[in-house]
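Notes for the one structure printed next.
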Amino acid sequence: MRYKIIHDAIHGSLKIQNAALRLIETPEMQRLNGVKQLGLGYLVFPGANHTRLEHSLGVGYVAARMGTALNLSKEEIETLRVAGLLHDLGHAPFSHTLEFLLHDKTGKDHMQITADIIRGKIDLVPESLPDGRERIHEILSDEGIPMEMVIRMILGETEQRYDLLSVDRGQKYFGAEKNYMVNIISGSLDADQIDYLLRDSHYTGVAHGTIDFPRILNTLRIRNGELMLDKKGVPALEGMLVARALMYSAVYMHKTNRICELMLSRAVEELKMDNWLALYSLNDAQLFSLLIESEMDYAREIALRLKYRRLFKKALVKRPEDIDEEKLEELENMKSLREKRKREREIAEAAGIDERYVLIDVPEGNIKLSEPRLSKTDVKILDDGKVVPFSRFSPLARALQIRKVKDWVFMLATPKNYVEQVKKVAERLLF
């Protein structure tokens, strides 16, 4: 049997074979080798140069380990490995950086794009390749992997009940009695979060992401078709959820990181593409080249600013306690791209500068789009045979549900020579 050994910095030597081996050799998967896991995070954390391909391999490994710990069938473990491997196919260059913009332009998030890629509805490689290629949906069919179930797992679509349906080659959908398959890939305690916390912590050097993965593995349970945790694993679960919250505060929502993301997103918006889906065929380097070679002066300038770390500076930051209730409600409207651009234009005109040099960040909308699981702590705990919600079992769960991952609700960024004038205008117009 053909196989490869891939040496991973987090999980050690990974044996890749069967469907997984064929899948990692597809151009869709190999594109992820040029997409940084933390986008522009390396401008804040210089070690953060790891890729979506590394993470995808890790999620496939973790998912299979979880399946093995639960004594699942060989078919289920293989399906988990494949779903973990494919779960991030729909990420644009620089990962979550462009998600807010592209959701506005296409109406889809990266998970929906992933589903379209797996089904073959979106082809990221229109040109012919040396030695030909295999399509993902064809590989899944050939290997007997239930494609629609893989997509359900990635999208987090659990079911109350549905009948087993026959599909090509006698495959079957897993029913509601196997919702744990979905839980392992996309849930409050899933392989994706376990890997990205371990991996991002390692590469950024931020120790907050350290979690007790072996303890979680040894206390996983299944009851009524759902993934649960024995009460002996509660301290490890608490540690994982705290790690998630702290990594968002310290890394993912770092203010400088957010400014970098705002800059790149604004530059890409200048490209005014006819087909925004075409961006999903690019990796980070190709997008940078597109911006630098653009006829748009602003797009080229921002790309050079990011390349040589000549970043915009924060001109104004507002915390919840700094703003009255009426103004907080107004900020709710700024979550849309159109409203943000309108307010940026007003500030820029009053300050006498180009509107593209005023960037507003109201991060709540971005967080909900990129990580909808963040406020979820709905893991079920088995306590002497009884199923108890984690939120009732642990007071820490309730605290994490209401804890904000950032201490600010509004930020304004601009080139450093405009900071003072933009700050004064924004204070007068908005607050």
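Read the figures in this text as sums done on the coordinates, not as results from a lab. It should be emphasised that the depicted structure is a prediction, and the values quoted were computed from it without experimental measurement. Neighbour counts run over all protein chains shown; Cβ positions are idealised from the backbone, glycine included.
For the listed peptides 205-211, 190-196, a ranking on the average number of other beta carbons within 10 Å per residue, highest first, reads 190-196, 205-211. Relative protection proxy for 270-276, 388-394, from highest mean packing down: 388-394, 270-276 (other beta-carbon atoms within 10 angstrom). Here the sum of -39500 (n - 2.57) over DSSP H runs of 4 or more residues, divided by the residues of the chain, equals -14000 deg cm²/dmol at 222 nm, to the nearest 500.
Once C-alpha pairs closer than 8 Å and six or more residues apart are averaged by separation and normalised to the residue number of the chain, the relative contact order reads 16 percent.
The Cα-based radius of gyration and maximum Cα-Cα distance (Dmax) for the stretch 311-369 are 12.1, 34 Å.
Please work out, to two decimal places, the log10 of the ratio I(q)/I(0) at q = 0.12, 0.13 Å⁻¹ from a Debye calculation in which every Cα of the stretch 191-283 carries one identical scatterer. Result of the Debye calculation: -0.58, -0.65. Note on the chain: with a GNM built from Cα contacts shorter than 10 Å, the maximum mean-square fluctuation among Asn218, Asn49, Asn283 falls on Asn218. In terms of Cα atoms, the Rg and Dmax of the stretch 1-125 work out to 15.2, 46 Å. Highest mean packing comes first when the peptides 248-254, 58-64, 104-110 are listed by Cβ atoms within 10 Å, giving 58-64, 248-254, 104-110. Shape class of the stretch 298-338 from the Cα gyration tensor (axes a ≥ b ≥ c, square roots of the eigenvalues): oblate, since a/c reaches 1.5 or more and a/b does not exceed b/c.
Distance between the pseudo-spin-label points of Lys255 and Asp384 (7 Å out from Cα toward the beta carbon): 5.1 nm.
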